[in-house]
Amino acid sequence: MSNTTPRIIPFGDAAITIINVGDMMVDMGEELAVPESTWRPLYGSSLAGPRPFSSQCVHIALANASVLVDAGDYAQAILLDPSYLPPAYVPPPGVVEQLQSRSIQPEDITHLIITHAHFDHYDGTTMKSDGGYVPRFPNARVFLGRPDWDYPETQDALRDPNSLDSRTFGVLHKLGLLELVEGSLDVTTEVRIIAAPGESPGHQIVRVHSQGQTLYCLGDLFHHPAEVEHPAWMVKWANASTNLSSRQALINAALQENALLLAAHMPVGWVEGTLEHPRWVWL
């Protein structure tokens, strides 16, 4: 069974809560558009075969805002693709239950930032109620990169009332809760959304800065330390040129700011070295 206790990181005037909604089996060696002969001498078995990857949401508690980055619903994700389920696995409580263990109620969330429109990052934004779907975080403004909303595949799905997109983004849009982000946006004085396309057209990351400390919530900008240390190594579905530019911009900023980095499927860490030769370090 997964660890059911969220990880708390004191961070200036903020508190960062890392919530794993469930592990997903992923074979990174198969997902990377990189020959095994290239990655195996450097990373060996860490990239070989299916391994459990956490699926994380991040809560940022501030004096004037309660910000959630991504909202995964593990039960829905496994229904959509059962191959992700580890053998004999009992998932942890959902994101709401784990937030409530920290005395954070769904109605307390003021901002919900979706890093990108891949199902495991937004399938928990709504929930069933009286035969329909309603916002799981009823008082939150929801921020999605406009290019992900405009993407033809998303627009096709929105025309299907039974699709995940219709049950989530469609519901939020009709209620006037969905804000489409173009470029970068200051959500609060401490929290900034930064466009980082490549994983998807509208992929975005979140910069948190408090009392001289900086943390980036990276979504799927990286999935494995090997991608940090070799930014040109891409998953097969990424746009290689835009993803590389986004990664290099982040690595450069993180080095200058000595920032903590938290990707959706990796434990928290930071990067050392240089832009040309970055090294990943676990916290």
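The values are calculated or read from the model by the stated rules, or taken from the named source; none is laboratory data. Source: prediction; values computed, not measured. Counting neighbours? That spans all protein chains shown, and the Cβs are built from the backbone with ideal geometry, glycine included.
Which of the residues that make up region 228-247 are among the charged types (D, E, K, R) and either touching a His at 6+ places or on another chain (Cβ under 9 Å) or free of Cβ contacts under 8 Å to residues at least 24 places away in the same chain (or both)?
Once the filter is applied, which keeps residues that are among the charged types (D, E, K, R) and either touching a His at 6+ places or on another chain (Cβ under 9 Å) or free of Cβ contacts under 8 Å to residues at least 24 places away in the same chain (or both), region 228-247 yields only Glu229.
Hydrophobic (A, V, I, L, M, F, W, C) and under 23 Å from Ser46 (Cβ atoms): does that describe Val187?
no
Filter region 233-283 for residues that are polar (S, T, N, Q) and crowded, with 16+ Cβ neighbours inside 10 Å; which is nearest to Leu215 (Cα to Cα)?
Looking only at region 233-283, we keep the residues that are polar (S, T, N, Q), and these are 239, 241-243, 245-246, 248, 252, 256, 258, 274.
Pick out the ones that are also crowded, with 16+ Cβ neighbours inside 10 Å and you get 239, 242-243, 246.
On the way: Asn239: 25, Thr242: 22, Asn243: 20, Ser246: 16 Å.
The extreme case among them is Ser246.
Which count do you get for residues in region 225-283 that are over 22 Å from Pro197 (Cβ atoms) and either in a loop (DSSP other than H, G, I, E, B) or out of contact with any strand residue (DSSP E or B) (no Cβ under 8 Å at 6 or more places or on another chain) (or both)?
Here the count works out to 7.
Just one of the numbered conditions (1) free of Cβ contacts under 8 Å to residues at least 60 places away in the same chain; (2) farther than 23 Å from Asp186 by Cα; (3) touching a Phe, Trp or Tyr at 6+ places or on another chain (Cβ under 8 Å); (4) not polar (S, T, N, Q) is not true of Tyr122; which one?
Tyr122 satisfies every listed condition except (2).
Taking only pairs six or more apart or across chains, which ones have beta-carbon atoms under 6 Å, a first residue in region 68-90 that is in a loop (DSSP other than H, G, I, E, B), and a second residue that is among the β-branched types (Val, Ile, Thr) and surrounded by fewer than 20 Cβ atoms within 10 Å (Cβ to Cβ)?
Leu85/Ile78
Can you say whether Leu112 is modelled with pLDDT of 95 or more, in contact with a Lys or Arg (Cβ under 8 Å, 6 or more places away or on another chain), of a type in the set (A, V, I, L, M) and surrounded by 14 or more Cβ atoms within 10 Å (Cβ to Cβ), as far as the supplied structure shows?
Spelling it out, Leu112 is indeed modelled with pLDDT of 95 or more, in contact with a Lys or Arg (Cβ under 8 Å, 6 or more places away or on another chain), of a type in the set (A, V, I, L, M) and surrounded by 14 or more Cβ atoms within 10 Å (Cβ to Cβ).
Tell me which residues, restricted to region 187-208, are touching a residue at least 60 places away in the same chain (Cβ under 8 Å) and farther than 16 Å from Ala117 by Cβ.
Val187, Thr188, Glu190, Val191, Val208
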